[in-house]
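Everything on this sheet refers to the single structure shown next.
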Amino acid sequence: RYWRDWSSDVCSSDLIVEEMPYCAECAHYPTSLERFQCTRVFLQKKMQKDIRYPKDAVMADASGTVEISFRINKSGEMEDIKIERSVFPSIDREARRVVSLLPKLTPGEQRGQKVNVRYKTSLKFELK
């Protein structure tokens, strides 16, 4: 009936940090860049698995790309989830729900101190 796709343009930060947040599955990589890249892939797969196309959006033939941002706080939890570009009310809610399900990460660090890091990403909802 419908097809869903999840894509991430870039996970970007409000500030440049020495150590970007990363998931436990990526902790074995030796460099910050490798952990960051692994974490992006991990989060993409996790979100793709969890996303459900809202029934009312299917009925309304609504599709598009939701731009969403969220902060990974000093405890590694997702908070302050914001829809930066809306598509359809129930699609926006689904994007927010999927982000809220993401697992706790190892927080970002700057000069040895844990810091908040804001991520921005896109979720593409497309009917076929």
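The values are calculated or read from the model by the stated rules, or taken from the named source; none is laboratory data. Computed from a prediction, not measured in an experiment: that's the story for all the values here. Note that each Cβ is placed from the backbone with ideal geometry, even for glycine, and that neighbours are counted across all protein chains shown. These accessible areas exclude ligands, DNA and RNA; they are computed on the full protein's heavy atoms, side chains included. Shrake-Rupley method; radii C 1.70, N 1.55, O 1.52, S 1.80 Å.
Once you charge only the Cβ atoms, +1 for Lys and Arg and -1 for Asp and Glu, what is the size of the charge dipole of the chain about its Cα centre, to the nearest 20 debye? Let's see the in-between values first.
On the way: 23 positive and 19 negative charges, 66 e Å.
The calculation lands at about 320 debye.
Could you run the Karplus curve 6.51 cos²θ - 1.76 cosθ + 1.60 with θ = phi - 60° over region 88-95 and give me ³J(HN,Hα) per residue in whole Hz, x for Gly and Pro?
Each residue's phi maps through the Karplus curve to give 7, x, 6, 5, 4, 4, 5, 4 Hz.
Scan the chain and report its longest stretch carrying no GluC sites (Glu not before Pro) that are both in a DSSP loop and have at most 16 other Cβ atoms within 10 Å.
That gives 19-76 as the longest site-free run.
Nearest 500 deg cm²/dmol is fine: what mean residue ellipticity at 222 nm does the chain get from its DSSP H runs of n ≥ 4 alone, each adding -39,500 (n - 2.57), divided by its residue count? Don't jump to the answer; show the numbers that get you there.
Values: 3 runs with 36 residues, N = 128.
Roughly -8500 deg cm²/dmol at 222 nm, from the helical runs in the chain.
Roughly how many percent of the accessible protein surface of region 34-128 is carbon and sulfur, given a 1.4 Å probe and a whole-percent answer? Let's see the in-between values first.
Working: 2270 of 5000 Å².
Here it works out to 45 percent.
Note the per residue figure in Å³ for the convex hull of the C-alpha positions in region 16-107. Intermediate values should be presented prior to the final figure.
Working: hull volume 8.8 nm³, N = 92.
Residue-normalised Cα hull volume stands at 96 Å³.
Taking the dipole about the Cα centre of the chain, with the C-beta of Lys and Arg at +1 and of Asp and Glu at -1, give me whichever of 98, 44, 58 is farthest to the positive side.
58
At 1.4 Å probe size, put 39, 106 in order of accessible surface, largest to smallest.
Working: 39 0, 106 55 Å².
So, going from the largest accessible area down, we get 106, 39.
Check which residues have an amide H placed less than 5 Å from residue 77's amide H, if you skip close sequence neighbours.
Hits under the 5 Å cutoff: 105.
For region 53-96, what is the accessible area per residue in Å² when the probe is 1.4 Å?
Working: 2290 Å² over 44 residues.
Result: 52 Å² of accessible area for each residue.
Hey, in the GNM for the chain with a 10 angstrom Cα cutoff, which one of 58, 117, 99 fluctuates hardest?
In this elastic network of the chain, the residue with the biggest mean-square fluctuation among 58, 117, 99 is 58.
Going toward the positive end of the dipole of the chain, with +1 on Lys and Arg Cβ and -1 on Asp and Glu Cβ, which of 108, 125, 21 do you reach last?
With unit charges placed on the Cβ atoms, the residue in question is 125.
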